[in-house]
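Read the structure below first, then the notes.
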Amino acid sequence: MKTFEQLGISAPILQAISEIGYESPMPIQEEVIPYLLGNDNDVIALAQTGTGKTAAYGLPLIQKTDTASLITQAVVIAPTRELCLQITDDLKSYSKYIPQLHILAVYGGANIMTQIHGLKKGVQIIVATPGRLVDLMERGVADLSNVKNVVLDEADEMLNMGFSESIDTILANCPSHNSRNTLLFSATMSKEIERIARNYLHDHKEIVVGSRNEGAEHVNHLYYLVAARDKYNALKRIADYYPEIYAIIFCRTRMETQEIADRLIQDGYNAESLHGELSQMQRDLTMQKFRQHRTQLLVATDVAARGLDVDELTHVINYGLPDDIESYTHRSGRTGRAGRSGTSISIIHIKEKHKIQAIEHQIGKKFIPSILPTGQEICAKQLYKLIDEIEKIEVDEEEIEQYLPEIYRKLDMLDKEDLIKRMVSMQFNTFLNYYKNAPEIVQPSGKGSDTKKKDRKEKRDKQPRSRSAEQGFTRLFINLGKKDSLSPKILMGFINRKVRGKNVDLGRIDLMQNFSFFEVPEEQTDDVLHFLNGADFDGRKVNVEITTSNGSGNSSSSEKPQRKQDRSQRRQDKPQHRQEKSQRGQERTNSKRGQKQSSSSSTPKGAKEWAKYFEGQVESQPFYNEFSKKKKKKR
């Protein structure tokens, strides 16, 4: 294994990193540092988060900067304020003994005038979030015309968050390929990353630590299969079974995040929530408490947790699997860092089981199916933890000496065994009482089980579930669905790319096969409708409409007789439909190859079912009206 000195790092930087505690380079650093110091080629480096990427590009960046000039020579772009500040702190630590080097962080949510003043004084390296940097460029304050190195850190996350246009703007205002280096660091290689590489990188070298899109090396992956109603109790058992747990619990929505955090706090756990509705001051305080280990469990959404860099995480808990594999890779990569081992736990129900195989194929690792610990096993774990704490506690004899005679007198009537029993019971009765009466969580047995049939019957007997928007939000329909390869992350990115200048904070997202529903803040509804209607999504014209608030996910009882009548009529019309279908097939065969039928493309499949059964009536429904006219003509 080489040393940093052998990699070509200069003496002032060596002194600084040795004081930090850097002894030998990590694999990504050993690959990237010599290349960046010795070559002027563009680079794509693929490695998991927490593998030392900041030092891999930061040390060569500092060493190649001309401190005699105050013009901006390098730009580092990061997706979040937290990561931006973290990178800035790291670079300043590395350049501790280079006093002429000036590094400035510019990001949203802070006073822009302070940042403008700092830029006017002159800085050689800017660390920025995309939106704020574009703002400063438009104000004529950030001059990138002399930049020699551009670093995109967590590039896949930036693109997923909808910053593609901002990155295009930044790179377009930098010098041409021949005059600058572009360094792209990412955990995964997505199609958007490949597009950036084609458009803005020249003759680039791809450096991969491990293999493309694989999971973190030191992370064990396991899952617990439970019924949906048992997920929270399963989460509590996991937290109780690992007394020293220090974990992030990932949830899909901010509402679920807050709900789970509130329940954990109410049940006596040391937990906090982190999501998009918190103010910047609340976010900073929550993250500071978590970094300082004053919070044991952080319940967070994917977006809110970006930029939160903690090396000592013991576990990552997925309270349900994400919709895309890249999000799982980023989640699990937050544990098992810096040579430590970690565990990624997924609490899933039967409908999510198919996602496990897809993730296994992508990350190249097997999930371990696990059985939840019993109440007796949890109590034993907690008891041993208590005994270990008693054994290791330091006793200050001078401080307690004056109280000992009275203590001995009061406890004189108890023998050793009684004293131990009482002491343990005082600390341990909470667990004993809870798990003494707690029912065991039974793992679902799969298809065809009596339990599943019973659940289906109970579901049928329930009242129609409300599909109205969350308070303060508007529920919208979009004519894109799963068949268009739409996922929540892709939808979020698409909306934020189209709604320029504003970050749209989406609420609930419901994906159907041919269409979808999503919620946006009421004050941003007009902007979303304006920018999305008529937009192009992979060659398809987008239509977005407002749904009414009184729709429901199930048909009301008054509709059932009509549905039975419709089914009866369809059975009678079957022979005629078959004949018409055969005739249409013959017409298509005789038509010219490549000709498209405009009637089939103008209406999304399932529009009638959507309007009638899913959301009630829509305020504006051109698709449904057109669909009805065509049906009448056919009859």
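Rolling a 1.4 Å probe over the protein heavy atoms gives segment 229-283 an accessible area of 45 Å² per residue. Spatial offset of segment 490-547 relative to segment 139-192 amounts to 25 Å, using the alpha carbon center of each. Here the spin labels are modelled as points 7 Å beyond Cα on the Cα-Cβ line, and at Glu19 and Tyr97 they lie 0.8 nm apart. Would you mind counting up the charge near Leu285? Only other residues with Cβ under 13 Å from its Cβ, with Lys and Arg at +1 and Asp and Glu at -1. Summing Lys/Arg as +1 and Asp/Glu as -1 gives +1.
Segment 224-271 and segment 384-420 have Cα centres spaced 35 Å apart.
Applying 1/(1 + (r/R0)^6) with R0 = 25 Å to the Cβ-Cβ distance of Ile71 and Ala11 gives a FRET efficiency near 0.50.
Provide the gained length on full extension for the span Asp536 to His354, in nm with one decimal, where the gain is 0.36 nm per separating residue minus the Cα-Cα distance. All intermediate terms of the calculation are to be shown ahead of the outcome.
Details: separation 182, 0.36 × 182 = 65.52 nm, distance 3.14 nm.
Between Asp536 and His354, full extension yields 62.4 nm more.
Report the net charge of residues surrounding His202, where surrounding means a beta-carbon distance below 13 angstrom and charges are Lys +1, Arg +1, Asp -1, Glu -1. That sum, taken over residues with Cβ under 13 Å, equals 0. With a simple spin-label model that places each label point 7 Å from the Cα along the Cα-to-Cβ direction, the separation between Lys120 and Lys289 comes to 4.0 nm. Checked against a 18 Å cut-off, the cross-linked pairs Lys236/Lys355; Lys385/Lys421; Lys64/Lys92; Lys353/Lys483 give Cα-Cα distances beyond that limit for Lys236/Lys355; Lys353/Lys483. Measuring nothing but protein heavy atoms, the accessible surface of segment 232-288 at 1.4 Å probe radius is 47 percent carbon and sulfur.
Please compute the length gained on full extension between Leu37 and Lys381, using 0.36 nm multiplied by the number of residues separating them and subtracting their Cα-Cα distance. Present the calculation step by step, with values, prior to reporting the outcome.
Working: separation 344, 0.36 × 344 = 123.84 nm, distance 5.12 nm.
Between Leu37 and Lys381, full extension yields 118.7 nm more.
Just the protein heavy atoms count here, and of the accessible area of segment 38-111 at 1.4 Å, carbon and sulfur take up 48 percent.
Among rounded, prolate and oblate, which fits segment 24-79 when a ≥ b ≥ c are the square roots of the eigenvalues of its C-alpha gyration tensor, a/c under 1.5 means rounded, and a/b larger than b/c means prolate? The shape class here is prolate.
Carbon and sulfur: what percent of segment 149-190's accessible surface (1.4 Å probe)?
On the way: 420 of 1040 Å².
Answer for segment 149-190: carbon and sulfur cover 40 percent of the accessible area.
With the cut-off at 30 Å, tell me which of the pairs Lys53/Lys96; Lys366/Lys541; Lys351/Lys489; Lys120/Lys148 have Cα atoms farther apart than that. In this structure, Lys366/Lys541 lie more than 30 Å apart at Cα. Relative to the Cα centre, the charge distribution of segment 347-448, modelled as +1 at Lys and Arg Cβ and -1 at Asp and Glu Cβ, gives a dipole magnitude of about 1380 debye. With K and R counted +1 and D and E -1, the other residues having a Cβ less than 13 Å from that of Ser18 yield a net charge of -2.
Shape of segment 16-56 from its Cα gyration tensor (a ≥ b ≥ c, root eigenvalues): rounded if a/c is under 1.5, otherwise prolate when a/b > b/c, or oblate? Because a/c hits 1.5 or more and a/b fails to exceed b/c, segment 16-56 counts as oblate.
The values are calculated or read from the model by the stated rules, or taken from the named source; none is laboratory data. Since we're looking at a predicted model, the values are computed, not measured. Reconstructed Cβ throughout: ideal geometry from the backbone, glycine too, with neighbour counts over all protein chains shown. The protein model used for the area step is the full one, side chains on, heavy atoms only, and it has no ligands, DNA or RNA in it. Shrake-Rupley method; radii C 1.70, N 1.55, O 1.52, S 1.80 Å.
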